Amino acid sequence: MHFQQPDSSGPTAWDENEKPLKQFVEKSSSLPFGQDLPLSSIAGPTYITAQALIQQVAYTLSDKIFSYSPETFDLDVVVKAWQSDKEKNAYGYTTGVSAMETRTGAGSIALGYMFSQDFDLTKRHIPQSIIGSSATLTHLRPALDQLSLLYNVANPLVAHIAAVDYAAGSSSGFVTDYSSALLLAEELGLGLVSSASAYEVQHMSLFATLLASIVPSIHIYDGVNVGRETTRVVDVLDKSGLYKTYQAISKELSGPEKKHSDSEGRVSRLLKSFNSELGTDYKLFEYHGHSAPESVLVVFGTVEASLAAQVASSLANNGAKVGVINVRVYRPFVEEEFLEVLAPSVQNIAVLGQVKDQAAVSDKSEHSSLYTDVLAAVSFSTSLTQSPTVLDIKYAREQVWTPSKIVDVFRKAGRDLPEELDILDDSVQQYTFWNIDESPSVSAPLALGQLLSGDSALNVSVRTGHDNLVQGGTLRTDIRSGTKSIEAAYSVETADIAVVCEEKLLDEFDVLKSVKEGGILLAKIPGVNDEALEKKLNVSVRKALASRKIQLFVLDPSASAKVAEDYSLETYLTQLAFLRIARYDTFSASVQKLADINGGHDLFEELKKDLQNALRQVEIPESWLTIEPEVEPTALPADIDLNSFVAFDRIEPEPPTLLKTWVTAAKGFAFKEAYGTSIALRPDLGVKTSVVHVKEHRRLTPLTYDRNIFHIEFDLGNSGLTYDIGEALGIHAENNKDEVNEFIKWYGLNPDEIVEVPTRDDANILENRTVYQALLQNVDIFGRPPKKFYEALSEFADNEEEKTQLLLLGTGGNQEAQVEFKRRAETDTVTYADILLEFPSAHPSFHEIVRIVSPMKRREYSIASSQKVTPNSVSLLVVTVDWVDPKGRDRFGQATRYLNGLHLGAPVTVSVKPSVMKLPQKSTAPLIMAGLGTGLAPFRAFVQERAWQKQQGIPIGSVLLYMGSRHQREEYLYGEEWEAYQDAGIITLLGRAFSRDQKQKIYIQDRMRETLADIRKAYLHEEGAFYLCGPTWPVPDVTNVLEEAIEVDAKAAGKKVDPRKEIDRLKDELRYVLEVY
């Protein structure tokens, strides 16, 4: 059991039978101490995270926030909660928060929102915000590029970017990525601002938002460590303070004479006004270090700026003539102000510039973006009396900075500096906690951090990181406390106390390397006396304890009577053990405060007594100092590899299916309230479904033709189903009834037996079905099994030979098994039922079958009708999928076989799925459509819609339809309709490509190339939209035709364009749309 901060800090008695202890569960590492954060609570001196402050600024000052946060990053966890609670922003309404996917075209919706016809122009002055990680920037580039060209008529836009990304192909987990932002800002002319610490992140978020009134701006900050550290920030502005400051500075900069100067001048004036309003002394370029430096390091980035400034100041105090220039505002890069902070004494400038990877570090021809700007400023300066040398010190994104590594950089710049350097105040106490995710004491450090933060005389910082690749999930928490503000953007390297809550971690990490000489190790090792302890600790640990005079304390939870009764109380015992060592003089008072937090004074008194037996100090034998390992020990890492922000998400076993009699279901129906029963249409499906009935079933190809392509139309009746142009209809098909009955008989099942299974969306909701219903509608027993099915089935095999064969097929244990699996899947097209028949000794029960066989999925088909034309029906164009396997058995696609077998009036369960195939907003925009085979379905709907619009007197654009199939006589699908629409002036060009009707094959791209002039006019001059639907194979050829049209058109206009980039632009504008399969 864990605990959280109580609603009241007053003492309360603990009653085991009535009042449980408070639970302290970390909800997100983005939240202070992992706990919820009301918007109104952010003010004045408070414990907060940088990410929470950034979200406060974005929520308070924005009309809408577009969030591109990976699920576990929680970059938007607070703004989502505030929106859900209907919290008001500074303008008196709830800020819109749209959670978006990070993918190609990511920024299109944000761009479309700002420039939509429905946009409220009274909000044009209100900023729009983006929240995301640096991985987002590549996908946002096209939208930001367009925005920068239209910025004079757009809302201010600021992107708050966490500099964090995954390092694909690298041994590192997370990397701190500034290079993407530097490159993007340079190429698109965006503003780029960096925060150097959590103490200034609110101010810099506000400054970046103000900067957005000049240029689209990016505010970037360390998203790996600093952004998630809980620390005490004194001068936090509340919502009202933020708005007043924003309004005051905006008003001061709104004069016409100030609007028409260059960006550099406006940024300088903005920062001056900013400092004047807040009483701060921020600069575009900030210097720290010796008053007459000879070597200067130029840095950009949160950790880089924070550490380098502290190291330079410390070295300068010891007489070293070094300094650091922190680039706070990288774009616009105001060269005059950079040169002003460059002291005349400077002889060497080392630029610490980030590049993408180690290959770029090694490439002498590649320079960092920051180096290029600094070199240009120095080289073309007329104010410098002497021109210092400029050195490019590149580093990759996976570089983790510590004080000693910054000192190494100064050495590269030619300085002779000390080996050891401590930049922290002497009053700072440092603690590290090492644990595994599943430990009952996993929340102990967060609770202790909150306890320490209750002392107003202290400043406390708490940071947790996860390494999910060690011991099934390892986490390390660092706590620092001191009388002054703590700025330490790196892992604890000289801990006063290290607490190891899982002894196995001592064999995974060199924990003692981060413990100071004479420090303390508190290790939880249950049930071990001093004599047996030596076997528990490896040689390296014992020798380090002895040689570095580290004290050893052992916590044995099994020696506590209360923990023996309830092991979840171990977390409280761990907290008490830490306090006993760390705060021995004030232990009793600390225990009272800890009990106040948890609301369990009596329990803590009992645990306090148990601690006398559970905690002991171990005398270190002198023999540990001289022991030598039998083999050379492997060097262990001193820190975790931070690769996650959350604990490892273990897949919980699916609740077993329970076989019951009809009586169970009958009780549920008869006593709905008592059993919590509700009746639903296909409750196993996670989408809204409707029942429609077959109205028409018409084969479009001759009976003698080898392909059965048919038109099927459903009567909507009173289902209430509605659909839009371009959407798809999901068919929730059923297995073949004869085959289901055959399987039931062969497998020995009772078809009428009730099976109770959890729904796929919520394991706590159960549904009752018969075995027959489950096999007919739920279980994909005649589908194709993946490898994991073979592996799962092997557990049920009694025959060892069958067991081995199944396991090899499931795991790909050897080359032969891999080839065999591929043959089964692609050539033999075996089903789950085939495998169960082939391996008779593997006979799982029906509830195990439901668990290991995949559920049936809906099959989606493009809708071939417009509801404006056929309001009470919906149509599909379907081709039956069938083949003969190597054993001569007829095989069928499950859904097409089901649809083809439906009789008139038959009920069908359906659902609607949105699609990318949307008509342009303007009815006059031309349509260029290319459909192959059944890919013509959505275009029938498009043409019907255009015909309806014309009938209503709405002007329509030209319609170019290209269709492709093998033979006109057999596959001229909807041919008469197309020709009728052409005669009526709806279709302006009909390009028919029947590939096998002549000696030379003619494909759809050939017909397009023949009418290139028509495509140029409709697509490029009249800003039409192109659509392709059907198989994937013609995509390159069709795209080549469009690129050719673009190239020819540009050449005719005397321009030079890159056709591929132009296609990418058209994709972002939804004017190049593919729906292929």
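The values are calculated or read from the model by the stated rules, or taken from the named source; none is laboratory data. Everything numeric in this text was worked out from a predicted model, so none of it was measured. Cβ sites come from the backbone with ideal geometry, for glycine too, and all protein chains shown count toward neighbours. Side chains included, ligands, DNA and RNA excluded: accessible areas come from the protein's heavy atoms. Shrake-Rupley method; radii C 1.70, N 1.55, O 1.52, S 1.80 Å.
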Charge dipole (the chain, unit charges on Cβ, about Cα centre) - positive-most of SER841, LEU421, SER62: SER62
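How much length is gained if the chain between ILE1002 and LYS745 is pulled fully straight, taking 0.36 nm per residue apart and subtracting their Cα-Cα distance, in nm to one decimal?
Values: separation 257, 0.36 × 257 = 92.52 nm, distance 5.19 nm.
Additional length available on full extension: 87.3 nm.
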Mind listing the long-range amide H neighbours of VAL97? Cut-off is under 5 Å, sequence gap 5 or more, other chains count too, H placed in the peptide plane at 1.01 Å from N. ILE65
For the chain, the charge dipole (Cβ of Lys, Arg +1; Cβ of Asp, Glu -1; about the Cα centre) points to a positive end, and the Cα of VAL409, ALA582, ALA523 closest to that extreme belongs to VAL409
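Can you tell me the FRET efficiency between THR829 and THR122 if r is taken as the Cβ-Cβ distance and R0 is 51 Å, rounded to the nearest 0.05?
Numbers: r = 61 Å, r/R0 = 1.20.
The calculated FRET efficiency here is 0.25.
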Taking the Cα centre of the chain as origin and charging only Cβ (+1 Lys, Arg; -1 Asp, Glu), how large is the dipole, in debye to the nearest 20? 3260
The ³J(HN,Hα) series, computed from each phi in region 829-834 with the Karplus coefficients 6.51, -1.76 and 1.60 at θ = phi - 60°, rounded to the nearest Hz and given as x for glycine or proline, is 6, 6, 10, 4, 4, 4
Please list, or write none, the lysines whose alpha carbon is within less than 19 Å of the alpha carbon of LYS64, excluding same-chain residues fewer than 8 places away. LYS80, LYS86, LYS88, LYS123, LYS239
Would you mind getting the accessible area per residue of region 286-413, heavy atoms of the protein chains only, 1.4 Å probe, in Å²? 40
Please list, in order along region 336-344, the HN-Hα scalar couplings obtained from phi with the Karplus expression 6.51 cos²θ - 1.76 cosθ + 1.60 (θ = phi - 60°), rounded to whole Hz, x for Gly and Pro. 4, 6, 5, 5, 5, 7, 7, 5, x
Arrange the peptides 205-215, 372-382, 812-822 so that the one whose residues have, on average, the most other Cβ atoms within 10 Å appears first. 205-215, 372-382, 812-822
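Taking the Kirkwood radius as the inverse of the mean 1/r across Cα pairs, report the Rg/Rh of the chain.
Working: Rg = 34.5 Å, Rh = 34.2 Å.
Reported Rg/Rh, Kirkwood definition of Rh: 1.01.
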What's the local net charge at LEU31, with K and R +1, D and E -1, over the other residues with C-beta under 14 Å away? -1
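How would you rank 939-952, 916-929, highest first, on the average number of other Cβ atoms within 10 Å across their residues? Present the calculation step by step, with values, prior to reporting the outcome.
Values: 939-952: 20.4, 916-929: 18.2.
Top of the packing list down: 939-952, 916-929.
Taking the solvent-accessible surface of protein heavy atoms with a 1.4 Å probe, what is the per residue accessible area of region 429-625 in Å²? Display every interim value, and only then the final one.
Working: 7380 Å² over 197 residues.
Normalised by residue count, the accessible surface of region 429-625 is 37 Å².
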Selection of chymotrypsin sites (Phe, Trp or Tyr not before Pro), region 108-200, meeting DSSP coil and at most 14 other Cβ within 10 Å: PHE115, PHE119
Restricting to DSSP loop positions (anything but H, G, I, E, B) with no more than 12 other Cβ atoms inside 10 Å of their own Cβ, which trypsin sites (Lys or Arg not before Pro) remain in region 359-400? LYS364
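Starting with the highest mean, order 439-452, 844-857, 769-782 by the number of other Cβ atoms within 10 Å, averaged over the residues of each peptide.
Values: 439-452: 24.1, 844-857: 18.1, 769-782: 21.3.
Order by mean packing, descending: 439-452, 769-782, 844-857.
Enumerate by residue number the trypsin sites (Lys or Arg not before Pro) in region 81-138 meeting two conditions: DSSP loop (anything except H, G, I, E, B), and at most 10 other Cβ atoms within 10 Å of the site's Cβ. Don't skip to the end; give the middle numbers.
Values: sites: LYS86, LYS88, ARG103, LYS123, ARG124; in loops: LYS86, ARG103, ARG124.
Taking region 81-138 and a limit of 10 other Cβ atoms within 10 Å, the loop trypsin sites (Lys or Arg not before Pro) found are LYS86, ARG103.
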Could you list which residues have their amide H under 5 Å from that of ILE130, counting only those 5 or more apart in sequence or on another chain, with H placed in the peptide plane? PHE66, VAL158, ALA159, HIS160
Would you list which aspartates and glutamates come within 15 Å of LYS364, measuring only between C-alpha atoms, while excluding same-chain residues fewer than 8 positions from it? ASP392
Relative contact order of region 429-625, pairs being alpha-carbon contacts under 8 Å that are 6 or more residues apart, as %: 21
Let's test the formula: R0 of 41 Å, r as the Cβ-Cβ distance of GLN818 and ASP890. What FRET efficiency results, to the nearest 0.05? 0.90
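Given R₀ = 41 Å, what would the calculated FRET efficiency be for LYS549 paired with SER362, taking r from the Cβ atoms and rounding to 0.05?
Calculated transfer efficiency: 0.45.
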Helix-derived mean residue ellipticity, 222 nm - over the chain, DSSP H n ≥ 4, -39500 (n - 2.57), to 500: -9500 deg cm²/dmol
Determine ³J(HN,Hα), in whole Hz, for all residues of region 987-997 in sequence, where each value follows from phi through the Karplus function 6.51 cos²θ - 1.76 cosθ + 1.60 and θ = phi - 60°; x replaces Gly and Pro. 8, 8, 8, 10, x, 9, 10, 9, 5, 10, 8
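Once the piece of chain linking LYS536 and GLN347 is laid out straight, how much longer is it, given 0.36 nm per residue of separation minus the C-alpha distance between them?
Numbers: separation 189, 0.36 × 189 = 68.04 nm, distance 5.61 nm.
Working it through step by step, the gained length comes to 62.4 nm.
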Counting DSSP beta bridges with both ends in the chain, the antiparallel % (nearest 5): 50
For LEU700, which sequence-distant residues (separation of 5 or more, or a different chain) have an amide H within less than 5 Å of its own amide H, given hydrogens modelled in the peptide plane? ILE709, PHE710, HIS711
Below 20 Å, Cα to Cα, which aspartates and glutamates can LYS803 reach? Residues fewer than 8 away in the same chain don't count. GLU791, GLU795, GLU816, GLU820, ASP834, GLU838, GLU848
Zone of GLU336 (label point 7 Å along Cα→Cβ, backbone N under 17 Å): which residues in region 366-394? 377-378, 380-384
With respect to the cross-link table entries LYS356/LYS857; LYS356/LYS412; LYS27/LYS504; LYS283/LYS484; LYS999/LYS1055; LYS513/LYS535, which display a Cα-Cα separation exceeding 31 Å? LYS356/LYS857; LYS999/LYS1055
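When the accessible area of the chain is split by element with a 1.4 Å probe, what percent falls to carbon and sulfur?
Answer for the chain: carbon and sulfur cover 49 percent of the accessible area.
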Calculate, in nm to one decimal, what ASP882 and THR770 gain on full extension: separation in residues at 0.36 nm each, minus their alpha carbon distance. 37.4 nm
